[in-house]
Amino acid sequence: MKYGVLGTGDVGRTLAGKLVELGHDVVMGSRSKSNEKALAWASEAGPRAGTGTFAEAAAFGERVVNAVTGTAALEALEAAGAAHLGGKLLIDVCNPLFFEEGRLRLSPVESDSVGARIQRRFPDARVVKALNTVNCQVMVEPGRVPGDHQLFVCGDSAEAKADAVALLGDFGWPAERILDLGGIESARCTEMLMPFWFTLMRKFGHADFNYEIRHGTSS
């Protein structure tokens, strides 16, 4: 399958590399066709890897992965173009993080999310929020963390979520360890986990950890 991966940071390069490893063709998108990180990644990743603008990557992909920073997500997707996103699975991995006076902040927070804003702005895209609660290395190598830890997905399209869960299975995540939280409005819940995630990372001194949800039976 053809994928457009938007973003050249650690998350984008890690996911794009895994997709190439799985045999997919990938174009990494950025603001400029001459982006040095994208060109270096493509050179190392081999013949299935290419680069382009956000619009070129989105047009190429049968599926699109949004791996830009959360504060730049809507701008990047606007550059990608609604016509290149319509009808496609759009996996949104980003979190709305920024630092203010040395403190981690979220925007939006509580009443909204980047994932929901993307779906409202691009109603013809099939947006699924996923993978945003783990480090990028754990995204594609869940065995880095022992146990039956879990991922969360949410989105308005059941078919799109099924497609996303199948891809996550290719990444090594069994379907029974992926929790469907319902519609895209639940993205606000997973995005709000990130300050807690960063607190845990500081405590542990590394990012090889994840959440494991346990529950009993209701009486």
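The values are calculated or read from the model by the stated rules, or taken from the named source; none is laboratory data. Please read all numbers here as calculations on a predicted model, not as lab measurements. Virtual Cβ from ideal backbone geometry, glycine too; neighbours counted across all protein chains shown. Heads up: the accessible areas ignore ligands, DNA and RNA and are worked out on the full protein's heavy atoms, side chains in. Shrake-Rupley method; radii C 1.70, N 1.55, O 1.52, S 1.80 Å.
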> Quick one: Leu106 ticks every box in (1) in contact (Cβ under 8 Å) with a residue 24 or more places away in the chain; (2) within 27 Å of Glu159 (Cβ to Cβ) bar one, so which box is it?
Replying inline: (2)
> From the residues in segment 73-117 that are of a type in the set (Lys, Arg) and under 25 Å from Ser32 (Cα atoms), which one is most open to solvent (accessible area, probe 1.4 Å)?
Replying inline: Arg117
> Would it be correct to say that Asp156 is open to solvent by 60 Å² or more (accessible area, probe 1.4 Å), touching a residue at least 60 places away in the same chain (Cβ under 8 Å) and more than 19 Å from Gly17 (Cβ to Cβ)?
Replying inline: no
>> I'm trying to understand the selection: among the residues of segment 109-135, which are free of Cβ contacts under 8 Å to residues at least 40 places away in the same chain and outside any strand (DSSP E or B)?
In response: Arg120, Pro123
> Of (1) closer than 21 Å to Ile213 by Cα; (2) open to solvent by 40 Å² or more (accessible area, probe 1.4 Å); (3) touching a residue at least 24 places away in the same chain (Cβ under 8 Å), Glu176 satisfies all except one. Which?
Replying inline: (3)
> Mind checking which pairs have a first residue in segment 141-153 that is over 19 Å from His215 (Cα atoms) and open to solvent by less than 50 Å² (accessible area, probe 1.4 Å) and a second that is at pLDDT 95 or above and part of a loop (DSSP other than H, G, I, E, B), Cβ under 7 Å, 6 or more apart or different chains?
Replying inline: Pro142/Gly172; Pro142/Trp173; Val145/Asp208; Val145/Phe209; Val145/Asn210
